[in-house]
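Each value in this text was obtained by applying a stated rule to the coordinates, not by laboratory testing. Given the structure is predicted, the values throughout are model-derived calculations rather than measurements. Don't worry about glycine lacking a Cβ; one is built from the backbone with ideal geometry, like all the others, and counts go over all protein chains shown.
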Amino acid sequence: MTSHRAPVPPARLVLLGHPVAHSLSPAMQGAALRAAGLPGRYEALDVPPDRLADLLPRLGDEGAGGNVTIPHKEAVARAAGRLTPEARRVGAVNTFWHESGVLVGHNTDLGGARAAMVALWSPAMEVRPVLVLGAGGSAAALLVALAERRHGGVRVVARTPARAERLAERVGVNVAVVPAEAHTASVAGVRRALVEEAGLVINATPIGQRDSADPVPPSWLAPDAAALDLVYAPGGTAWVRACRSVGRRAEDGRRMLVEQGALAFTAWFGVEADRDAMWAAVGDG
Ligand code: NAP
């Protein structure tokens, strides 16, 4: 039988990534486990790329499940014995479990991206372009979620335009790829006119993760435009706070993080996750 849920809850929950020390998922999933009164814990495993192939069969023997993050999402999709429709559509796995020893790969980043966009969506986005900065792993789920909505087109600004072209082709969506430029006041290399025309600007680069850099100046956004930052921080990122201070609607990546985590929890255990407990663990507010 095929399903989007594990028939038996995983015997062990792990996060596979490299690096993983910064991840909020152990705290967030730990909070969900406690709120549901479930035993066990969620462990972050730092797995260098050359160790993944050895580790996966061992996790299968243990009946483990969990999440997958940078840089393993595509590799686990290739290694899976079965992919759910979401994982096939995005071409990446962020959630997995085992069914009779078979690795099942699923994708809840797509549901997370949908939730993040719904929270900010407005009629402006149906007629004006959505501007996506970056063309990496997180952009894949965003582009698929965007393809499900009516909008005034998608423009992707990329430092490596060929990567954006390959991504759009892989997920089968129509986007206009714009090469990033060095000579602009935007850290992400975007021309001002592109920002002014957009109904929604999404930062899918790591800009602002380690410092307080704004990917694009908040004052460039049209008054009715919104900003979605996939980077997250307790209380919101510096860019989100700066956008709000000039009257723009803005959210950081915690909604996507919490929603993908809650959907993964349901896939493993067949019960709803306590999203309030998960929000509290990632710094509500
Ligand atoms: P990724 O696969 O490494 O892709 C990053 C993208 O940003 C690439 O297109 C890269 O260009 C571009 N980029 C990197 N630094 C740049 C710079 N200084 N200027 C312009 N472009 C730059 O990363 P990802 O998985 O997509 O993640 C992106 C961010 O989103 C990270 O901060 C991550 O933590 C966050 N994220 C959040 C969630 C969530 O749930 N909220 C989920 C996933 C990711 P090149 O191709 O030229 O390197």
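Observations, loosely collected:
- Lys/Arg +1, Asp/Glu -1 at C-beta; the range 98-257 dipole; positive extreme among Gly152, Gly235, Asn107: Gly235
- Normalised contact order of the range 2-150, rounded percent, pairs of Cα under 8 Å and 6 or more residues apart: 22
- 5 angstrom amide H check on Val178, placed H, neighbours 5+ away: Val156, Val157, Ala158
- The range 41-143, dipole about Cα centre (Lys/Arg Cβ +1, Asp/Glu Cβ -1), debye to the nearest 20: 320
- Built amide H within the under 5 Å cut-off of Ile202, gap 5+: Leu131, Val132, Leu133, Leu228
- Trypsin sites (Lys or Arg not before Pro) lying in DSSP loop within the range 129-225, provided at most 12 other Cβ fall within 10 Å: Arg150, Arg210
- Trypsin sites (Lys or Arg not before Pro) restricted to the range 247-279 and DSSP loop, no more than 14 other C-beta within 10 Å: none
- Structure-based [θ]222 nm, the chain - -39500 (n - 2.57) summed over DSSP H runs of at least 4, per residue, nearest 500: -11000 deg cm²/dmol
- Bridge type composition, the chain - antiparallel percent by DSSP, nearest 5: 20
- Taken about its Cα centre, the range 98-235 carries a charge dipole of about 200 debye when Lys and Arg each add +1 at the Cβ and Asp and Glu each add -1 at the Cβ.
- Remark: the chain carries a charge dipole of roughly 340 debye about the Cα centre, counting +1 on each Lys and Arg Cβ and -1 on each Asp and Glu Cβ.
- With a cut-off of 13 Å between beta carbons, the residues surrounding Glu181 carry a summed charge of +3, where Lys and Arg count +1 and Asp and Glu -1.
- Computed lengthening from Ser122 to Leu38, 0.36 nm per intervening residue step minus Cα-Cα distance: 26.4 nm
- Each of His22, His151 has some number of other Cβ atoms within 10 Å of its Cβ, and from fewest to most they run His22, His151.
- In the chain, Cα pairs under 8 Å separated by at least six residues give a relative contact order of 19 percent.
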